[in-house]
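Reading through the C-alpha cells given below for one structure.
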Amino acid sequence: MISLLSKVLFVSLMHSVTALAVTKNTDTLTIYTEQFPPYNFEVNDRLVGINLELTKAACELAKIDCQFELYPWNRSMKLVQENPWSGIVSTAKTSERETMFEWVGPFSSSTNCLFKLSSRKDIVVNDIASAQQYILGGSTDNAYKEIREVLGFEEGKNLLLFNGKYGTLKPFAAGRVDLVVMSSFSISRQLNIAGLSLAEVTPVLEIDSRLLNGNYLALNKAVPKKIVSRLKIAMAQLFKDKAQAKIEAKYIGNVDLGEVSSSNEALWNACAKRQITEPAAIPINA
C-alpha cells in the first residue's frame with residue numbers, strides 16, 4: 001500500500017515538475033541568431049549587433065523575457081521551426097519564408113551587390129542574364145539560397161558552394177570563382193577576410209532589394225498573437241524614437257571611396273557607401 005502510494009506521489013510530483021518546466025519555457029522567448037556582423041554577432045562572449053540590440057530593446061519595451069542563442073544559420077533556422085516559443089533574427093522576408101513565420105520589423109539592412117576582381121577584365125556584366133554566364137561563389141549556409149535561385153544561379157551549372165558564411169571569399173580572391181555577393185554594410189570585413197583591398201574589387205550589379213525584402217525578427221507561428229503584437233508595437237515605438245539610427249551609428253560609417261575607380265561611382269555609392277566600422281575584437285574567421 002505504501003509502495004503504491006509512493007508511486008502515485010512520485011508520478012504526481014513528476015507531472016508538477018513537467019508543468020513547471022513548460023510554464024518556465026513559455027515565459028521565455030528564445031531568439032536564435034547567427035554570426036553575421038554588423039547585424040548580430042558575438043564579441044568577448046557577448047551577443048551584440050544592430051538588429052540584436054534592436055530586438056533586445058523591443059523585448060524590454062514589450063516586457064517580454066527573451067534569451068538569445070547563437071548557432072550557425074542552418075541550425076538556427078531548423079531550431080526556430082521546431083521550438084514553438086522562439087524566433088530568429090536577422091531574417092530576410094523572402095517569398096519562400098513569408099507564410100512560415102510571424103514577422104516583426106523591418107530591421108536594419110543594406111544593399112547587396114555582385115562583385116568581381118578588378119583584374120578580371122574578361123568579366124563583363126551588364127544585367128543579370130550576363131551575370132549568369134559566370135561562376136558565382138556561395139555558402140552552404142542557406143540564408144541566400146532562394147535569392148541565388150531567383151537570380152538564376154544553380155549548383156553544378158554556375159554556382160560553387162563553400163563551407164562557412166565567408167568560405168567563398170578566399171577562393172574568390174584566388175580566382176576560383178568569378179563573382180561573389182557582398183553587402184554595403186560589411187564589405188570591409190569581407191575584404192579583410194579575403195585579403196583584398198577596396199581597389200582590388202569592382203561592383204558589377206546591384207541586387208534588387210525587393211528579392212530580400214529587408215531583415216526581420218521571424219517568430220514561430222505558435223507564438224501567441226498578443227506577444228507578436230506587443231513586439232510590433234515596441235518596434236514601432238523604437239523606430240519613432242529613432243533608436244535604429246542611434247544603434248546603427250555605433251557599428252557603421254561612411255566608406256572612403258577615394259582609392260577606387262570613379263568610372264562607376266553611382267554603383268560604388270550603392271554597394272559600399274556605408275559599412276561596418278569594425279568594432280575591436282570581432283573574430284575575423286567567425
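Values quoted throughout were computed directly from the atomic coordinates according to the rules given, and no laboratory measurement underlies them. The structure displayed is predicted, hence computed values, not measured ones. Cβ atoms come from the backbone with ideal geometry, glycine included; neighbour counts cover every protein chain shown.
Here are a few things to note about the model shown:
- Förster radius 30 Å - calculated FRET efficiency between GLU98 and ALA245, Cβ distance, rounded to 0.05: 0.65
- FRET efficiency estimate (nearest 0.05) - Cβ-Cβ, ALA174 to ARG75, R0 45 angstrom: 0.95
- The GluC sites (Glu not before Pro) of the stretch 85-188 that DSSP puts in a loop, and whose beta carbon has at most 16 other beta carbons within 10 Å, are GLU96, GLU98, GLU154.
- Label point at SER119 placed 7 Å out along Cα→Cβ; residues across the stretch 158-201 whose backbone nitrogen lies under 12 Å: 173-176, 196-197, 200-201
- Taking the stretch 110-200 and dividing mean pair separation by its residue count, relative contact order in percent (alpha carbons under 8 Å, at least six apart): 39
- Taken as Cα centroids, the stretch 105-148 and the stretch 180-201 sit 13 Å apart, rounded to the nearest whole angstrom.
- Distant-in-sequence amide H partners of SER139 (H built 1.01 Å from N, under 5 Å): PHE162
- If you sort the three axes of the alpha carbon gyration tensor as a ≥ b ≥ c, you get a/c of 1.5 or more for the stretch 47-195 and a/b above b/c, which makes it prolate.
- Gyration tensor verdict on the stretch 27-90 (Cα atoms; rounded if a/c is under 1.5, prolate if a/b is larger than b/c, oblate otherwise): oblate
- Shape parameters for the stretch 114-177, alpha-carbon atoms, Rg then Dmax in Å: 11.4, 31
- When the C-alpha to C-alpha distance is required to be over 27 Å, the pairs from LYS93/LYS165; LYS93/LYS246; LYS78/LYS250 that qualify are LYS78/LYS250.
- Taking a point 7 Å from the Cα of GLN237 along the Cα-to-Cβ direction, the residues of the stretch 41-60 with backbone N closer than 19 Å to it are 52-60.
- In loop segments of the stretch 162-220 as defined by DSSP, the trypsin sites (Lys or Arg not before Pro) with at most 14 further C-beta atoms inside 10 Å of their C-beta are ARG176.
- Computed FRET value (nearest 0.05) for SER130 with ASN163, which takes r as the C-beta separation and R₀ as 41 Å: 0.90
- Remark: relative contact order (the stretch 18-154) = 25 percent; criterion is Cα-Cα distance under 8 angstrom and separation of 6 or more residues.
- Shape of the stretch 201-264, Cα gyration tensor, a/c cut at 1.5: oblate
- Burial ordering of LEU196, LEU257, LEU29, fewest other beta-carbon atoms within 10 Å first: LEU257, LEU196, LEU29
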